[in-house]
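What follows is a set of notes on a single structure, which appears directly below.
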Amino acid sequence: MNQLSCKQEIKQITIPTPFAVGDVHTYIIITDKVTLVDAGVRTMEAWEVFQNELKKHGLKVLDIDQVLITHHHPDHVGLLDYLPANIPVYGHERAHPWMTQDQRYFTTHDVFYRELFAQMGVEERFYSLLGAMDKPLRFSCQRGLTSFVKEGYRLEGLADWSIYETPGHASSHLVLFDEKSGTMIGGDLILAHISPNPLVEPPYLGEKDRRKSMIDYVASIKKMLKLPIKRVLPGHGETVQNVKLLLEERLHQQEKRAAKVEAFVKGNPATAYEICQHLFPKVFEKQLLLTLSETLGQVDYLMEMERIEVDTASLPYRYKAKEGVS
């Protein structure tokens with residue numbers, strides 16, 4: 001328990017997940033209202049742990065007045081299905097189709113990913129993975145948002161807390177920042193020991209192009225560097241204390257990996273799949289979807305900075321470094 005003032009407390013509740021990332025943290029902010037930030041994964045084990053941890057803090061499920069979701073990934077929204085239906089749930093509008101598992105949206109996924117695999121030059125033997133793309137959604141919720149929130153929005157009972165839009169890891173990502181204490185509840189944006197993977201998402205309904213997740217992620221990190229953040233309560237792992245140093249390190253790591261891609265395609269045009277193999281020679285087969293997402297992010301980043309160019313005349317697309325660019 002972290003006592004921030006006589007009128008406000010934050011309680012961390014850690015919930016097991018079936019995912020490789022391990023346990024996920026949710027947070028209870030107690031003021032004149034009880035606010036739950038993120039809701040864990042939808043398993044009976046997680047639900048039992050959540051209720052037991054609430055009891056340890058002298059709370060029960062019916063004490064929760066409202067929920068804020070940092071992003072739509074299953075380990076952050078799943079237990080919403082077990083909460084009373086009258087509890088309002090807030091989050092970014094881009095989380096809504098994932099949380100409700102909107103079939104109008106999900107029916108577009110197969111075509112999108114097949115076209116993306118073809119553009120990237122992925123071997124045919126991996127196309128069987130396409131059928132498992134949405135498999136983690138069985139641990140998600142089927143309950144949508146009550147209201148959409150945007151940057152600058154403040155929830156009732158959280159007068160000192162501002163919401164910031166921080167897309168990258170997910171296009172729906174938000175963080176909650178307490179200006180008085182310098183405390184941020186950061187979801188998966190800022191983690192102590194790993195850099196969150198900026199994940200590829202198909203275009204939303206009404207959109208023509210996918211979001212460039214790595215470009216969004218870098219912009220979000222730069223935005224956070226402008227805030228006087230003293231500590232981050234993350235979605236996974238330990239509390240981040242030296243926030244500025246970590247954020248600067250994340251930007252440095254990103255540039256270092258981008259430079260490795262740029263050097264690889266200098267005078268040697270390559271497909272995104274070949275770049276992926278170069279970046280992740282030991283793990284790309286076992287973690288293909290994650291490593292392809294990371295690779296595409298690097299390509300997007302370098303294209304945005306006009307350091308590489310792409311030949312789209314035929315499939316698969318090939319990338320090469322621009323001449324005269326150091």
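The values are calculated or read from the model by the stated rules, or taken from the named source; none is laboratory data. Note that the structure is predicted; figures quoted are calculated from it, not measured. No Cβ is skipped: glycine too gets one built from the backbone with ideal geometry, and neighbour counts run over all protein chains shown. Just so you know, the surface numbers come from the protein's heavy atoms only, side chains and all, with ligands and any DNA or RNA stripped out. Shrake-Rupley method; radii C 1.70, N 1.55, O 1.52, S 1.80 Å.
Counting DSSP beta bridges with both partners in the range 10-124, what percentage is antiparallel, nearest 5? Provide the component values of the computation, followed by the final result.
On the way: 10 of 15 bridges.
Taking every DSSP beta bridge with both residues in the range 10-124, the antiparallel ones total about 65 percent.
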Inset, instruction - Any chance you could give the angle, 0 to 90 degrees and rounded to 10, that helix 288-304 forms with the longest Cα principal axis of the chain? - result: 70 degrees
Legend entry - Accessible area of the chain divided out per residue, in Å², using a probe of 1.4 angstrom: 47 Å²
Inset, instruction - Grab the other residues whose beta carbon is less than 14 angstrom from that of I87, score K and R as +1, D and E as -1, and report the net. - result: -2
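Are there trypsin sites (Lys or Arg not before Pro) in the range 10-69 that DSSP marks as loop and that have at most 14 other Cβ atoms within 10 Å, and which are they?
Values: sites: K11, K33, R42, K55, K56, K60; in loops: K33, R42, K60.
Sparse-neighbourhood loop trypsin sites (Lys or Arg not before Pro): K33, K60.
Rounded to the nearest 20 Debye, what is the dipole magnitude of the range 19-167 about its Cα centre when Lys and Arg each give +1 and Asp and Glu each give -1 at the C-beta? Numbers along the way, then the final one.
Working: 14 positive and 21 negative charges, 46 e Å.
Magnitude of the dipole: close to 220 debye.
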Inset, instruction - Considering the options F139, T271, I29, tell which one lies farthest towards the positive end of the dipole of the chain, charges being +1 on Lys and Arg and -1 on Asp and Glu at the Cβ, about the Cα centre. - result: I29
Legend entry - Residues of the range 249-276 with amide N under 15 Å of the 7 Å Cα→Cβ point at T312: 272
Legend entry - Check: the chain dipole with +1 on Lys, Arg Cβ and -1 on Asp, Glu Cβ, in debye: 380 debye
Legend entry - 5 Å-binned pair-distance histogram of the range 212-315 (Cα, whole percent): 2, 11, 19, 20, 18, 14, 9, 5, 2, 1
Inset, instruction - Quick one: among G187, G235, G206, which has the greatest mean-square fluctuation in a GNM of the chain with alpha-carbon springs under 10 angstrom? - result: G206
Inset, instruction - Return the percentage of antiparallel bridges among DSSP beta bridges fully within the chain, rounded to the nearest 5 %. - result: 70 percent
Inset, instruction - Within the range 246-274, which residues have the backbone N less than 20 Å from the label spot 7 Å out from M303 along Cα→beta-carbon, could you tell me? - result: 254-274
Legend entry - Rounded to 10°, Cα long-axis angle of helix 243-264 versus longest principal axis of the chain: 20 degrees
Inset, instruction - Only loop residues by DSSP count here, and only those with at most 16 other Cβ atoms within 10 Å; note down the GluC sites (Glu not before Pro) in the range 229-290 that meet that. - result: E238, E285
Inset, instruction - Count neighbours as other Cβ atoms within 10 Å of each site's Cβ, and list the GluC sites (Glu not before Pro) in the range 115-218 that are DSSP loop with at most 15 such neighbours. - result: E123, E151, E156, E179, E207
